[in-house]
Amino acid sequence: MTQTSTRHDWTLNEIRAFFDLPFNDLLFQAHSLHRENHNPNEVQISSLLSIKTGACAEDCGYCSQSSHHKTDLERERLLPLEEVIEKAKNAKSNGSSRFCMGAAWRNPTDKNLEKVIQMIQAVKSLGMETCVTLGMLTESQSHRLKEAGLDYYNHNLDTSPEFYGNVITTRTFQDRLDTLNHIRDSGINICSGGILGMGETATDRASMLQQLANLTKHPESVPINMLVQIEGTPLHGAEKIDPIEFVKSIAVARILMPRSQVRLSAGRHEMSDEMQALCFFAGANSIFYGEKLLTTDNCETNSDIELFGRLGIHPSTIEQAEFKAKACRS
Ligand code: SAM
Ligand code: DTB
Ligand code: SF4
């Protein structure tokens with residue numbers, strides 16, 4: 001067993017060595033750490049809503065919402081507050097403890113930020129945790145969101161610094177780190193992870209996890225997405241990731257960031273029940289729940305409930321989720 005304390009100085013070789021372990025040894029190590037730090041049968045569930053869809057100025061090679069790609073997505077302006085509240089109420093009654101609102105912006109204007117803040121406050125008053133993902137933020141915008149009571153900000157590093165330019169050219173890896181620093185300084189919990197299956201190498205996957213684990217504080221939530229291939233995007237047709245390699249990446253994320261919530265994010269739709277079960281064993285302990293992600297289909301809620309039943313997994317309550325974020329920060 002390696003060190004169980006949280007470290008922020010992982011070398012690439014150390015991380016590569018985890019990937020080189022025999023599968024059973026890696027999973028044993030990851031699961032043991034998972035048990036030391038979390039209830040292994042508890043999974044936090046969040047629901048997603050796209051509050052502003054499409055026509056995004058960025059050129060992220062995976063994304064249906066970029067104006068640089070020809071996808072058949074219908075663009076939508078910022079949703080009215082009432083519609084957002086309605087969707088959040090539904091998510092709450094379906095058992096979600098956190099409501100995550102995503103906007104296809106390079107960055108929000110201050111005017112739009114105020115509209116999103118109204119949404120955050122309305123969702124919070126329903127008794128749910130809130131998360132938003134709005135693109136790059138300035139220092140003052142981060143403070144404004146904190147002041148408004150936002151719980152989490154999602155801003156993914158997406159991939160390794162070395163592979164980044166193959167996926168996105170309209171912003172840099174450093175831009176992402178800068179926004180993460182603003183969020184951290186403002187005191188909002190960070191949700192940051194990436195996407196696997198974009199044609200990156202095993203070293204890129206290790207390097208992305210190294211970047212996340214070596215942040216001054218680990219993100220409280222680490223979403224690991226499997227690329228949802230979208231027709232019309234440059235990454236449509238990219239070589240798919242081996243499911244075993246995906247499970248190993250979850251295990252390594254768990255070992256490097258033992259107290260964080262590791263979120264089994266986009267791509268569950270294409271995973272077998274057995275693959276998801278292995279991910280939960282390897283240390284994944286949160287998911288996006290609800291029939292839609294932002295613009296693409298997620299797993300049917302019935303099949304998630306059935307899978308949870310077969311695995312003896314139960315969703316965490318809001319109180320348990322809040323306790324987790326505090327424990328991760330301490
Ligand atoms: N515009 C904001 C941004 O990029 O930060 C927020 C929305 S963006 C859709 C949020 C994250 O979703 C991206 O950073 C990416 O990691 C993930 N994502 C987007 N499209 C995806 C896809 N097709 N497959 C897997 N993950 C995806
Ligand atoms: C994250 O890491 N994954 C979510 C959430 N954060 C915002 C988004 C997944 C999007 C999948 C593609 C789509 O539905 O457009
Ligand atoms: Fe825009 Fe975000 Fe999609 Fe990139 S991932 S194109 S920033 S919505």
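Brief remarks follow.
- Global form of segment 46-100, assessed from the alpha-carbon gyration tensor, a/c cut-off 1.5: prolate
- Packing rank of 274-280, 124-130, where each peptide gets the mean count of other beta carbons within 10 Å, highest leading: 274-280, 124-130
- Alpha-carbon gyration tensor eigenvalues x 5, square-rooted, for the chain, Å: 27, 23, 20
- In this calculation the C-beta distance from S32 to E83 is compared with R0 = 45 Å, giving a FRET efficiency of 0.50.
- Per-residue ellipticity at 222 nm from helix content only, as computed over the chain with -39500 (n - 2.57) for each DSSP H run of at least four residues, stands at -13000 deg cm²/dmol.
- Rounded if a/c under 1.5, otherwise prolate or oblate - segment 183-330, Cα gyration tensor axes: oblate
- Spin-label pair L12-D185: with each label point 7 Å from Cα along the Cα-Cβ axis, the two points sit 2.9 nm from one another.
- Positive contributions from Lys and Arg (+1) and negative ones from Asp and Glu (-1), summed over other residues with Cβ under 14 Å from the Cβ of R171, come out at -3.
- Three principal axis lengths of segment 85-227 [C-alpha, angstrom, descending]: 44, 34, 26
- Added length on full extension, which subtracts the Cα-Cα distance from 0.36 nm per residue, L177 to H269: 30.2 nm
- Taking the accessible area of the chain, probe 1.4 Å, and keeping the other protein chains in place, the carbon and sulfur fraction comes to 49%.
- Extension gain, N24 to T170: 0.36 nm times the residue separation minus the Cα-Cα distance gives 48.5 nm.
- Taking N as its residue count, the alpha carbon Rg of segment 212-284 over 2.2 N^0.38 Å: 1.17
- Of all beta bridges that DSSP places with both ends in segment 156-299, some 10 percent have antiparallel geometry.
- Across the chain, Cα pairs under 8 Å and at least six residues apart give a relative contact order of 25 percent.
- When the square roots of the Cα gyration tensor eigenvalues are ordered a ≥ b ≥ c, the ratio a/c for segment 1-95 is 1.5 or more and a/b does not exceed b/c, which makes its shape oblate.
The values are calculated or read from the model by the stated rules, or taken from the named source; none is laboratory data. Predicted model, so just to flag it, every value in this text is computed and none were measured. Heads up, the Cβs are rebuilt from the backbone with ideal geometry, glycines too, and the neighbour counts pull from every protein chain shown. To get the accessible areas, we keep the full protein, side chains included, count just its heavy atoms, and leave off ligands, DNA and RNA. Shrake-Rupley method; radii C 1.70, N 1.55, O 1.52, S 1.80 Å.
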